[in-house]
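Peer 1: Please find one structure pasted underneath; my questions will follow.
The values are calculated or read from the model by the stated rules, or taken from the named source; none is laboratory data. Source: prediction; values computed, not measured. Positions of Cβ are generated from backbone atoms using ideal geometry, with glycine treated the same way; all protein chains shown enter the neighbour counts.
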Amino acid sequence: MSEPHASPLRVLNADVLALALRLMEKGKTEKATKSLLWLRPHKDSVDTELRNIQAAIDEAKENSGKALFFEMFRGIDRRRTLLAVGAVNTQAASGAM
């Protein structure tokens with residue numbers, strides 16, 4: 001069977017969402033609202049989505065610079081990192097990639 005391709009509509013949705021995210025990051029909430037209203041038919045869903053985007057941006061700003069590269073090799077994160085790297089390496093070694 002052939003691989004399913006992304007439909008143009010899905011690509012467009014992703015582009016509009018990415019545009020809204022960039023506009024929200026720059027503080028252009030009104031333009032972000034307009035772009036989402038073009039995509040979503042209901043204003044209530046757009047308002048909720050904008051609040052979620054803003055919350056994600058605020059959380060990212062709050063957490064930026066706090067995590068160190070070596071933290072993924074400490075405690076329980078070390079186990080998760082080793083499992084993920086091991087799985088990818090095993091897949092590559094078997095020729096599946």
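Peer 1: I'm trying to understand the selection: among the residues of the range 67-86, which are of a type in the set (D, E, K, R), in a helix (DSSP H, G or I) and farther than 30 Å from residue 22 by Cα? I'd like the intermediate steps shown before the answer.
Peer 2: Of all residues in the range 67-86, those of a type in the set (D, E, K, R) come to 71, 74, 77-80.
With in a helix (DSSP H, G or I) added as a condition, the list becomes 71, 77-80.
77, 78, 79, 80, listed by residue number.
This table checks each residue for (1) of a type in the set (Phe, Trp, Tyr); (2) part of a helix (DSSP H, G or I); (3) modelled with pLDDT of 90 or more.
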{"residue": "14", "(1), (2), (3)": "no, yes, no"}
{"residue": "21", "(1), (2), (3)": "no, yes, no"}
{"residue": "24", "(1), (2), (3)": "no, yes, no"}
{"residue": "65", "(1), (2), (3)": "no, no, no"}
{"residue": "88", "(1), (2), (3)": "no, yes, yes"}
{"residue": "97", "(1), (2), (3)": "no, no, no"}
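Peer 1: Please determine, by comparing only the residues of the range 31-43 that are farther than 19 Å from residue 56 by Cβ and in a helix (DSSP H, G or I), which one is modelled with the highest pLDDT.
Peer 2: Going residue by residue through the range 31-43, those that are farther than 19 Å from residue 56 by Cβ are 34, 37-38, 41-43.
Then drop every residue that is not in a helix (DSSP H, G or I), which leaves 34, 37-38, 43.
Numbers: 34: 89, 37: 86, 38: 84, 43: 83.
Filtering first and then ranking leaves 34.
Peer 1: Sticking with this one: Restricting to the range 84-97, give me the number of residues that are aliphatic (A, V, I, L, M) and surrounded by 10 or more Cβ atoms within 10 Å (Cβ to Cβ).
Peer 2: 5
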